[in-house]
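Beneath this line is the structure, given in structure tokens, with notes to follow.
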Amino acid sequence: MKLRIVTHVEQPTLRGKLPDLWPEFMHHDPVVTEFWPQLYEVFPDFQLWLLDGRRLVGYACTLPVAWDGVPHPEGVHWAVRNGSAGRPTTLCAIVAGLLPAYRGRGISGAVLGRMTKLAAAHGLDSMIAPVRPTWKERYPLTPIESYAKWRREDGLPYDPWLRTHERLGAEILAVAPRSMTVTGTRDEWEEWTGLQFPESGDYVVPGALAPVHFDDGSGTYVEPNVWMRHPVESPPDY
């Protein structure tokens, strides 16, 4: 494996060439969908592509934000709606994805390390992230406040993605209980998931971190994340 991490500025033709890595419903948050093109058009030097030789195997999206040190309960929504207003102080990691064959091989840690170096290179004081816990979808009925506290016998987080962040020096700040919101009609949700939702109530949907609530023919999914903060080492002065 010859892993390289490049910015969108260096390889602008890679966008749209990676297979979809997320459940379909995750693409239907209107706030995120509206903002997404700006990541590549306004902040291209903050978007990363992962290459194994010439093969595109993953990506990571970040955004410089003006952060006052208080983790916002809306997570991703806060970052894309309000975080970019004002003079940036901090790097916010929005999302990272790898092809399934490349997961569990230590690559995620390398990506996080590249993000913190990116923050340092731009003079930002730290990196924060509304982290999407990998295994939370296995426990959709467990409140995110409880899940974020689960620990293994060695003291590290139970969730592997939270654990990777912490091993690299990150600390858990708070939960973001309303990081993203997806609302759709019953027909839309059935198209997105291949399931049926015959009556009002809460439904467990594959890939969702919390139940989808249906009421009067409309379904709403509110995605919970966990805010984490990575320290950033300033580059040396010469």
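Here are some notes:
- Extension gain, ALA110 to LEU156, is 14.7 nm, computed as 0.36 nm per intervening residue step minus the present C-alpha separation.
- Most mobile of ASP202, ASP154, ASP215 in a GNM of the chain (Cα contacts under 10 Å): ASP154
- The local environment of VAL32, defined by Cβ-Cβ distances under 12 Å, has a net charge of -3 under the rule Lys, Arg +1 and Asp, Glu -1.
- Spatially proximal lysines relative to LYS17 (Cα-Cα < 25 Å; intrachain offsets below 8 disregarded): LYS2
- Long-range HN-HN contacts of ASN225 with modeled amide H, under 5 Å: ALA176, ARG178, SER179
- Region 44-63 versus region 103-119: alpha-carbon centroid distance in Å: 11 Å
- Paramagnetic reach from MET1 (point 7 Å along Cα→Cβ, amide N under 15 Å) across region 69-102: 97-102
- Modelled label reach - HIS27, point 7 Å along Cα→Cβ, region 35-50 residues with backbone N closer than 16 Å: 35-37
- Looking at region 53-126, the trypsin sites (Lys or Arg not before Pro) that sit in a DSSP loop and have at most 10 other Cβ atoms within 10 Å of their own Cβ are ARG54.
- Residue by residue, region 152-166 carries 3J(HN,Hα) couplings of 7, 5, 7, x, 7, x, 5, 6, x, 6, 4, 5, 4, 4, 5 Hz when phi is fed to the Karplus relation 6.51 cos²θ - 1.76 cosθ + 1.60 (θ = phi - 60°); x denotes Gly or Pro.
- Relative intensity, log₁₀ I(q)/I(0), of the chain from a Debye sum that treats every alpha carbon as a point, q = 0.09 Å⁻¹: -0.39
All of the numbers you see were taken from the coordinates with simple rules; none came from a lab. The model shown is predicted, which means the values in this text are computed figures rather than measured ones. With ideal geometry, Cβ positions are generated from the backbone for all residues, glycine too; neighbour counts draw on all protein chains shown.
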